[in-house]
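The values are calculated or read from the model by the stated rules, or taken from the named source; none is laboratory data. Remember, it's a predicted structure, so these values are computed and weren't measured experimentally. Positions of Cβ are backbone-derived with ideal geometry, glycine not excepted, and every protein chain shown enters the neighbour counts.
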Amino acid sequence: MLSVLVTGANRGLGLEFTRQYLDAGWRVIATCRAPHEAPELRELAKRYEHLAIHAIDVRNFVAIDQLASALADQPLDVLINNAGVYGDKPGNGFGSIDYGLWQDVLKTNTLAPVKLSESFLAHLRRGSRKLIVGITSLMGSMGDNTSGNAICYRSSKAALNAAFKSLSLDLKPLGIGVLILNPGWVLTDMGGPEATTTVEQSITGMRRIIDQYTPALSGRFMNFDGRELPW
Ligand code: NDP
């Protein structure tokens with residue numbers, strides 16, 4: 001049975017990744033900060049015996065290592081680094097930047113995906129798909145930035161892109177692929193009610209890319225619909 005680990009699985013895109021992979025018959029390791037406050041995940045756990053839920057705040061690197069040790073005997077096919085924060089305005093805009101907030105956004109959106117990739121590398125090496133996915137944002141693109149603002153968020157996703165580009169080259173000799181995926185502008189708490197893409201469309205598109213992965217896609221910045229994006 002194929003397996004996937006999803007961070008931030010309690011709502012939004014992470015919850016839909018979890019739903020769709022369970023429906024597809026995968027074993028899902030769903031991680032979130034507070035499983036006891038995740039009713040949708042707990043409902044899914046009643047229906048699918050191949051769903052395991054673990055409490056992980058991705059900023060807690062000790063907890064990440066503990067989970068990796070606890071799951072040491074299990075191969076992992078795909079690691080999906082989905083958990084992310086935007087950083088509340090006004091602390092995200094020039095002139096009133098909250099530097100503590102910026103550090104927190106960087107730790108969650110940039111450092112944590114790299115840490116998870118390091119901690120679960122051994123599991124991925126034993127999996128058959130051997131894929132690390134970073135859920136980034138078009139807001140991390142410098143080529144696409146024509147409106148400014150959102151300094152904390154944009155820089156955290158641009159740094160994630162840079163880090164995962166390196167990871168794709170570093171892990172090539174091990175046969176591990178790295179996908180850098182923009183989910184689109186999606187109707188979630190983060191995307192807001194004006195967003196143009198449903199969670200189903202976004203996750204269906206990203207799952208298609210994951211399913212059809214070939215090494216030529218590793219280290220490329222791609223939209224959920226398969227289009228390549230400007231760095
Ligand atoms: P939501 O705000 O709906 O969900 C964010 C998820 O991340 C929640 O599950 C949240 O958990 C989790 N999370 C945040 N911080 C942590 C943490 N420290 N540890 C563990 N989990 C955490 O956002 P989306 O579902 O829309 O976003 C998912 C990803 O997609 C993010 O990386 C985001 O940047 C990216 N993205 C989204 C876009 C959109 O339009 N929606 C556009 C581009 C990128 P909790 O409930 O505990 O807060």
Check your understanding: Filter the range 132-153 for residues that are over 14 Å from the mean Cα position of the chain (by Cα) and of a type in the set (S, T, N, Q); which is nearest to ALA83 (Cα to Cα)?
Key -> SER141
Point to revise | Residue check for ILE56: within 16 Å of the ligand (Cβ to nearest atom), touching a strand residue (DSSP E or B) at 6+ places or on another chain (Cβ under 6 Å), β-branched (Val, Ile, Thr) and in contact (Cβ under 8 Å) with a residue 60 or more places away in the chain | key: no
Point to revise | Those residues of the range 94-133 which are hydrophobic (A, V, I, L, M, F, W, C), farther than 23 Å from TYR213 by Cα and modelled with pLDDT of 95 or more, in sequence order | key: LEU101, TRP102, VAL105, LEU106, LEU111, ALA112
**Study point:** Cross-chain or 6+ apart pairs with Cβ under 7 Å, the range 108-121 first and farther than 15 Å from LEU179 by Cα and of a type in the set (Ser, Thr, Tyr), then assigned to a helix (DSSP H, G or I) and away from the ligand (no atom under 14 Å from the Cβ)
**Key:** SER119/ASP65; SER119/ALA68
Review point. Taking the range 109-137 as the region of interest, how many residues are in a helix (DSSP H, G or I) and surrounded by fewer than 23 Cβ atoms within 10 Å (Cβ to Cβ)?
Key: 11
**Study point:** Qualifying positions in the range 13-30 - within 11 Å of the ligand (Cβ to nearest atom) and in contact with a helix residue (DSSP H, G or I) (Cβ under 7 Å, 6 or more places away or on another chain)
**Key:** LEU13, LEU15, GLU16, PHE17, THR18, ALA30
**Study point:** From GLY148, GLY175, GLY143, residue being loosely packed, with under 14 Cβ neighbours inside 10 Å and at pLDDT below 95
**Key:** GLY148
Revision key, fill the gap. When every residue in the range 195-212 that is surrounded by fewer than 18 Cβ atoms within 10 Å (Cβ to Cβ) and in contact (Cβ under 8 Å) with a residue 40 or more places away in the chain is compared, the one farthest from the ligand (Cβ to nearest atom) is THR204
Check your understanding: Among (1) assigned to a helix (DSSP H, G or I); (2) out of contact with any Gly (no Cβ under 9 Å at 6 or more places or on another chain), where does SER147 come up short?
Key -> (1)
Exercise for review: Enumerate the pairs (first residue in the range 125-136 and under 11 Å from ASP77 (Cβ atoms); second residue anywhere and within 16 Å of the ligand (Cβ to nearest atom) and aromatic (Phe, Trp, Tyr)) with beta-carbon separation below 8 Å, excluding pairs fewer than 6 apart on the same chain, so at least 6 apart or on different chains.
Suggested key: ILE132/PHE164
Review point. Hey, among GLY205, GLY191, which residue is closer than 22 Å to VAL6 by Cβ, of a type in the set (Gly, Ala, Ser), at pLDDT 95 or above and not in a loop (DSSP other than H, G, I, E, B)?
Key: GLY205
Review point. From the list SER156, SER168, which residue is under 19 Å from the mean Cα position of the chain (by Cα), within 11 Å of the ligand (Cβ to nearest atom) and buried (at least 18 other Cβ atoms within 10 Å of the Cβ)?
Key: SER156
